[in-house]
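Please treat every number below as a calculation from the coordinates, not as lab data. Bear in mind that the values here come from a model prediction, so they are computed numbers and not experimental data. Ideal geometry is used to build each Cβ from the backbone, glycine not excepted, and the neighbour counts take in all protein chains shown.
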Amino acid sequence: MSEASILYDAPGPRARRRNVILTAGSIAAFVVFGYVIYRLLDQEQQFDARLWTPFLEPDVWTGFVLPGLINTLKSTLVAGVLALAFGMIFGLARLSDHWWIRMPAGAIVEFFRAIPLLILIFLALFVPPIISPIIAAGPLGMAQRYVVEYLLWPFGVVINGGVVIVPAFAALVFGLVLYNGSVLAEVVRAGVLSVPRGQSEAAYSIGLRKNAVMRLVLLPQAISAMMPAIVAQMVVLLKDSALGFIIAYEELLNNMVKKIPANFGNNVLQSALVCAVIYILLNLALGRFATWLERRNARRGRTAAVVPVGQVDAVDAGAGGTGVGLGAAGTAGVAGAVGVAGAVGVAGLSDDGVGTGDRGGGG
Amino acid sequence: MGEIFDFSPIFESFDRVWAGFQSTIQLSVASAILSLVLGTILVAMRVAPIPLLRAAGTIYVNAVRNTPLTLVLLFSSLAISDTLHIVVSDVPRTNYYWFGVFGLSAYTACFVCEVLRSGINTVPLGQAEAARSIGLTFAQSLRIIILPQAFRTVIAPLGSVFIAMIKNTTVVIVASYAEAAAIMKDLFEDYSASLGIFIGFAIGFMVLTLPTGYFFGWLAKRLAVAR
């Protein structure tokens, strides 16, 4: 059953006539809107060939677009891997039986989810150079040096005479990891909790220990259920990497909206449009991948992670073409039985009717 | 070591900090209202019986929500306001405030639309059928029957969208409008950067986001549709 047919019947003669009139009306509205925009652009000479032709030159692509794209992908990839590790550790820590592990992990995750990513990036960029000399003079001076020299050097962090300098790349990755890692921690927690309780009960009953139950039984099932939500979060991460623009990290947005206009006669509008197209294509590709994963899971009769209400701000900067893994997509039947997805509502925000359309088959 | 946790800048320039958070709140409230209106229009388009409107809504949502917010805000401030010379106010700060609101709303509306659309899917089929059988048109059934129930089921996810939006107001820094995050950066430069300043601002943002979350959670429970 298609989504549309839920809300209206097949049109009769009067409804058909009304639809034709409304279609004509909206075409007229779009034409007028388009014409107004055309006139505006024309008035400001935004159709001048010199503003658009830079994107036909190979040099622009090899000199600005591709290096920017590589930097964007680099920060996304590094932050993505680290955020996954962070999310895995803290997500499992929140499920710990020991309150002294569970509570601090919960506090950390909630803290980083409650504050804006940008102030985390500012923290990483501006604070270390000022406070590191103070730490260097104190009892933790050596520890600070070791941390920078052995742990943080791959990110380009350097320590010089007790002063720690954090490059824009490292600051961006720091913020992306802590924020998205915290969101992923919730995804992991929800994923593990979404595995039916009989699974862990059965595992315990055959004599497995806590560690083995988690490692051999719960996680493997949880991970495949979480995959769509994880990929959706990667779309968020990719988009958030554009915050590098603000701290002058030379990623795609910076190269295209700051550098190209500076070199090619202030074509901000044109560059921004081309840049948007690149981001949209990248994210749609990632979104497609998530949809494919969701479908595959549905075929295998598994549900996507049913993420609790408070967690929905994964929607936040929000997932490309697919759902944010809230509620099962193609598996509305299962989710309906659990009774969560329906109430929480956000069962599969996907666009292709995987999650949205098939209510008829659910329940 | 005491200098690292020096909170005095927050108190010394408390009027600036307060002004920054006031800007954040103003941005959030205006964008919340505008994105709610826009999102509702978008979702009406996306479920409408007219294919053209459906396509337009789908294209808009997919294009804007896959674009980084930073780019959306740069587009609204640099491209639309500065390049095309469209201004809503001669005072630059007011002008950039509004273009910040426009950019944020254009972006957030996509998420409002998607949340609402999933809410529409939770309304039982019988509701729409009953509405049609008593002779309501599509617009009437959407307005009187479907959307009120859809809104009530998605209050919690909607709250999360607004929390994300409050955090996203910090990105308006690229649209040349100074809100709390920009003030934090200024304080880092005026005083020496310290963890104290950061923690002060982090608490400020938590004061905004956490109660919003609790409020929407409470509202969702209160208004839940009993089925």
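Among residues other than residue A:12 with Cβ under 14 Å from its Cβ, the summed charge is +4 (Lys and Arg +1, Asp and Glu -1).
By other beta-carbon atoms within 10 Å, ranking A:179, B:96, B:214, B:191 with the fewest at the front produces B:214, B:191, B:96, A:179. Other residues within the sphere of radius under 14 Å centred on the Cβ of residue B:85, judged by their own Cβ, net out at -3 (K and R +1, D and E -1).
Dividing the helix sum by the residues of chain B, where each DSSP H run of 4 or more adds -39500 (n - 2.57), gives a mean residue ellipticity at 222 nm of -23500 deg cm²/dmol.
Between B:135, B:217, B:100, the GNM of chain B built on Cα springs shorter than 10 angstrom shows B:135 fluctuating the most.
Ordered by the number of other Cβ atoms lying within 10 Å of each residue's own Cβ, fewest first, B:83, A:76 fall into the sequence B:83, A:76.
Within the same chain, lysines fewer than 8 places from residue B:167 are excluded, and of the rest, those with a Cα less than 28 Å from its Cα are A:74, A:239, A:258, A:259, B:185, B:221.
In plain terms, the residue of A:245, B:111 with the fewest other Cβ atoms within 10 Å comes first and the most crowded comes last, giving A:245, B:111.
Any idea what the relative contact order of region A:55-299 is, in percent, if you count C-alpha pairs under 8 Å spaced at least 6 apart? Answer for region A:55-299 is 27 percent. Legend: mean number of C-beta atoms from other chains within 10 angstrom of residue C-beta atoms, peptide B:83-94, equals 2.
With springs only between Cα atoms under 10 Å apart, run a GNM on chain B and tell me which of B:24, B:137, B:170 wobbles the most. Result for chain B, Cα springs under 10 Å: B:137 fluctuates most.
In terms of the Cα gyration tensor, with a ≥ b ≥ c the square roots of its eigenvalues, is the protein assembly as shown rounded because a/c is under 1.5, prolate because a/b exceeds b/c, or oblate? Taking the square roots of the gyration eigenvalues as a ≥ b ≥ c, the protein assembly as shown is oblate. Per-residue mean of foreign Cβ neighbours for A:151-157 is 0 (Cβ atoms of other chains, 10 Å radius).
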